[in-house]
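What follows is a short report on a single structure.
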């Protein structure tokens, strides 16, 4: 079920900002993207291949056994990344062939909330008793990530925080212990230097990718800043009062990112820290694209540390690593220890003529039975706290696998900064990060000015 995880999701630059932009720049749909377009089934669109859809058959079978009157058709939409996937969904909407339900990751949550998705508010109010168990089992930060202007658009099923993975052989070789829970960015710097000193050629202490998740953003978050201004919308009391009464006033109607924050001195401070890592040879120039190559390099022993989430456990196991070969810890602390996370779940499209049937699918997929069928192996972190247990990680997980969910329980966390203009914003960020962290210290102010200008234009689109 890897299509819902962050493992294969590259940071794309496909423009998905407006239906008015449909044209030659949009990806073409193929027959493989929309099989059975003329049948009368409840259509569920996922990012992935036909093999990914086939892996969900047990989920479909269990649902149809409970709802024999609802026929389900999974549509595997092939795309290089979430942006490509969202662009194809928008193309389907414009063409009059949209799915009823669509997998949506944090990157596209506000795009869908603004233009495509049906609020789940009335469904949840109606069936509150049926979904109580779900909300009892899911951390409220994950719920807030899918609130938008006071309404709730998705019930997330998986998430991944940006934790720090370690090559245990590199730690042993350098004589460094597993870090304390509150280790700092300076402790990280010391560990990286010790790893480099103890290693031979071809080894890099820190490796990262230039993308929205796991790129520069975690370093901004721990320094109590971001590349976008952050506020929160009012509203949502209908949900918080019903399902999270013990957290009254702690959560909002959803995040808002409405301006560039690239001129914040703390942004410059974070960029300089990462730039200096690269200059000192403790980190590489960021890889462009997704994190697939990271698995190979990390499993081959050429990387000491890298940010990744629970989605890596299955991938590292398939690459031949044992739980003794690596470990995971919280991302280090700076001014704060706020962690970045991304999540995904199912959205009901407002164009659907089968919204009640679609809601039954969403309810089932977020039930204990549905999520256990969806996540039989540790290829992501389930949003249900009860599923992040010894049974899931006993054969493959690192020694400190509890970090995956403890990140939410023990530390401040926030979702990827992804406004409705996410594609344009992400493109602006990725475009400017490389120059900012690979140039000289004297060149950094100008690089951040360009980032500020590009972000401002992206948000105005």
Within the stretch 338-351, count every residue that is crowded, with 21+ Cβ neighbours inside 10 Å and either over 18 Å from the mean Cα position of the chain (by Cα) or farther than 24 Å from residue 267 by Cα (or both). 7
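Got a number for residues in the stretch 417-432 being over 21 Å from residue 112 (Cβ atoms) and either surrounded by 22 or more Cβ atoms within 10 Å (Cβ to Cβ) or more than 23 Å from the chain's Cα centre (by Cα) (or both)?
The first filter runs over the stretch 417-432 and keeps only residues over 21 Å from residue 112 (Cβ atoms), leaving 430-432.
When the remaining residues are screened for being either surrounded by 22 or more Cβ atoms within 10 Å (Cβ to Cβ) or more than 23 Å from the chain's Cα centre (by Cα) (or both), the result is 432.
Number satisfying all stated conditions: 1.
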Residue 195 meets each of (1) part of a helix (DSSP H, G or I); (2) surrounded by fewer than 17 Cβ atoms within 10 Å (Cβ to Cβ) with one exception, condition (2)
Given (1) at pLDDT below 95; (2) under 24 Å from residue 376 (Cβ atoms); (3) assigned to a loop (DSSP other than H, G, I, E, B), where does residue 54 come up short, assuming only one miss? (3)
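Out of the residues in the stretch 397-407 that are in a helix (DSSP H, G or I) and touching a strand residue (DSSP E or B) at 6+ places or on another chain (Cβ under 7 Å), state the one that is farthest from residue 342 (Cα to Cα).
Initial filter on the stretch 397-407 (in a helix (DSSP H, G or I)): 403-407.
Pick out the ones that are also touching a strand residue (DSSP E or B) at 6+ places or on another chain (Cβ under 7 Å) and you get 403-405, 407.
Numbers: 403: 16, 404: 12, 405: 13, 407: 13 Å.
The selected residue is 403.
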For the stretch 139-156, give me the residue count where each residue is closer than 23 Å to residue 350 by Cβ and either more than 20 Å from the chain's Cα centre (by Cα) or assigned to a loop (DSSP other than H, G, I, E, B) (or both). 7
Unmet criterion (only one of (1) touching a helix residue (DSSP H, G or I) at 6+ places or on another chain (Cβ under 6 Å); (2) buried (at least 22 other Cβ atoms within 10 Å of the Cβ); (3) not in a loop (DSSP other than H, G, I, E, B)) for residue 435: (2)
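Take the residues in the stretch 330-363 that are part of a strand (DSSP E or B) and in contact with a helix residue (DSSP H, G or I) (Cβ under 6 Å, 6 or more places away or on another chain), then tell me which one is farthest from residue 117 (Cα to Cα).
To start, the set of residues in the stretch 330-363 that are part of a strand (DSSP E or B) comprises 333, 339-349.
Keeping just the survivors that are in contact with a helix residue (DSSP H, G or I) (Cβ under 6 Å, 6 or more places away or on another chain) gives 339-340, 342-344, 346-348.
Numbers: 339: 27, 340: 24, 342: 19, 343: 16, 344: 14, 346: 10, 347: 6, 348: 6 Å.
That would be 339.
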Scan 113, 170, 62 and give me the residue that is surrounded by fewer than 22 Cβ atoms within 10 Å (Cβ to Cβ) and either in contact (Cβ under 8 Å) with a residue 24 or more places away in the chain or part of a helix (DSSP H, G or I) (or both). 62
Any residue that is under 22 Å from residue 344 (Cβ atoms), at pLDDT below 95, in contact with a helix residue (DSSP H, G or I) (Cβ under 6 Å, 6 or more places away or on another chain) and not in a strand (DSSP E or B) - is there at least one of those in the stretch 205-215? yes
Mind telling me which of the residues 420, 378 ends up being under 30 Å from residue 225 (Cα atoms) and either out of contact with any strand residue (DSSP E or B) (no Cβ under 6 Å at 6 or more places or on another chain) or modelled with pLDDT under 95 (or both)? 420
Looking at the stretch 274-317, which of the residues that are part of a loop (DSSP other than H, G, I, E, B) and more than 18 Å from the chain's Cα centre (by Cα) is nearest to residue 189 (Cα to Cα)? 282
Going by the structure shown, is residue 136 in a helix (DSSP H, G or I), touching a residue at least 12 places away in the same chain (Cβ under 8 Å) and more than 23 Å from residue 299 (Cβ to Cβ)? yes
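Which ones in the stretch 376-396 are in a loop (DSSP other than H, G, I, E, B) and under 20 Å from the mean Cα position of the chain (by Cα)?
Of the stretch 376-396, the ones in a loop (DSSP other than H, G, I, E, B) are 376-380, 383, 388-389, 394-396.
Answer for the stretch 376-396, where residues must be in a loop (DSSP other than H, G, I, E, B) and under 20 Å from the mean Cα position of the chain (by Cα): 376, 377, 378, 379, 380, 383, 388.
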Within the stretch 281-291, restricting attention to residues that are surrounded by fewer than 19 Cβ atoms within 10 Å (Cβ to Cβ), touching a helix residue (DSSP H, G or I) at 6+ places or on another chain (Cβ under 9 Å) and modelled with pLDDT under 80, which residue is nearest to residue 331 (Cα to Cα)? 287
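Would you pick out the residues in the stretch 255-273 that are surrounded by fewer than 22 Cβ atoms within 10 Å (Cβ to Cβ), under 22 Å from the mean Cα position of the chain (by Cα) and either farther than 16 Å from residue 416 by Cβ or modelled with pLDDT under 95 (or both)?
Of all residues in the stretch 255-273, those surrounded by fewer than 22 Cβ atoms within 10 Å (Cβ to Cβ) come to 256, 258-259, 261, 263-266, 268-269, 272-273.
Pick out the ones that are also under 22 Å from the mean Cα position of the chain (by Cα) and you get 256, 258-259, 261.
Scanning the stretch 255-273 gives a single hit, 259.
Please state which one of 239, 220 is at pLDDT 95 or above, in contact with a helix residue (DSSP H, G or I) (Cβ under 8 Å, 6 or more places away or on another chain), outside any loop (DSSP other than H, G, I, E, B) and closer than 18 Å to residue 142 by Cβ.
Every option except 239 fails the conditions.
The values are calculated or read from the model by the stated rules, or taken from the named source; none is laboratory data. Here the structure is a predicted model, which is why all the values come from computation and not from measurement. Note that we place each Cβ from the backbone using ideal geometry, even for glycine, and neighbour counts take in every protein chain shown.
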